[in-house]
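J.: This structure is in structure tokens; I'll ask about it shortly.
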Amino acid sequence: MFASNPNAPLPPGTCQASSRGFAPSDATAPIYSALVAAGFPSPADDHLEGKLDLHELMVRRPAATFFCKADGDSMTGAGIHSGDLLVVDRSVQPHDGDIVVATLDGGLTVKTLRKTEAGWELASANPDYPSFPVDPDDGVQIWGVVTFAVSALTKR
């Protein structure tokens, strides 16, 4: 059921991170040590913590990691929207409740992996969409665990 071999071929239309990564090593930005209040603002605290490299933060195992984009609205309840960039790690063993990328009906899908009394299923995070049983005989295979989802908040 699970694609546990991180060296197995990647899904069509995806590319694998190289050992050098996708971003140059100088692709960092300053990060502030102060937390940003999502409620009432706090007094200004402008201490810089250092530099942040998003590739270093989101890609723990480059040889087993690929990126893909979500398409559709079946995972909006999990905070994944159409067009979001997904970071998928094929070396992470999937567990109940993980969001995974899997093959289903000849294509790729992103769903929540659930353990039920009947077995495993791929569950949508939108009640308008059904869940699907994980049946390797039907070609369903888990490609990897989604470790990060990146959303664009503006179209500019």
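The values are calculated or read from the model by the stated rules, or taken from the named source; none is laboratory data. Please read these numbers as outputs of a predicted model, since none were measured by experiment. Cβ coordinates were reconstructed from backbone atoms using ideal geometry, including for glycine residues, and neighbour counts include every protein chain displayed. What goes into the accessible areas is simple: the full protein's heavy atoms, side chains included, and nothing from ligands, DNA or RNA. Shrake-Rupley method; radii C 1.70, N 1.55, O 1.52, S 1.80 Å.
J.: Counting just the residues of the range 127-153 that are free of Cβ contacts under 8 Å to residues at least 60 places away in the same chain and open to solvent by less than 70 Å² (accessible area, probe 1.4 Å), which one comes out nearest to MET75 (Cα to Cα)?
T.: Looking at the filtered set, the residue picked out is SER131.
J.: For the subset of the range 12-65 comprising residues that are of a type in the set (D, E, K, R) and out of contact with any Asp or Glu (no Cβ under 8 Å at 6 or more places or on another chain), which member is modelled with the lowest pLDDT?
T.: The selected residue is ARG20.
J.: When residues of the range 61-91 are filtered for being acidic (Asp, Glu), exposed (fewer than 15 other Cβ atoms within 10 Å of the Cβ) and over 21 Å from PRO130 (Cα atoms), how many remain?
T.: Qualifying residue count for the region: 0.
J.: Just the residues that are of a type outside the set (Gly, Ala, Ser) and in contact (Cβ under 8 Å) with a residue 12 or more places away in the chain, please, taken from the range 106-126.
T.: Scanning the range 106-126 gives LEU108, THR109, VAL110, LYS111, THR112, LEU113, ARG114, LYS115, TRP120, GLU121, LEU122, ASN126.
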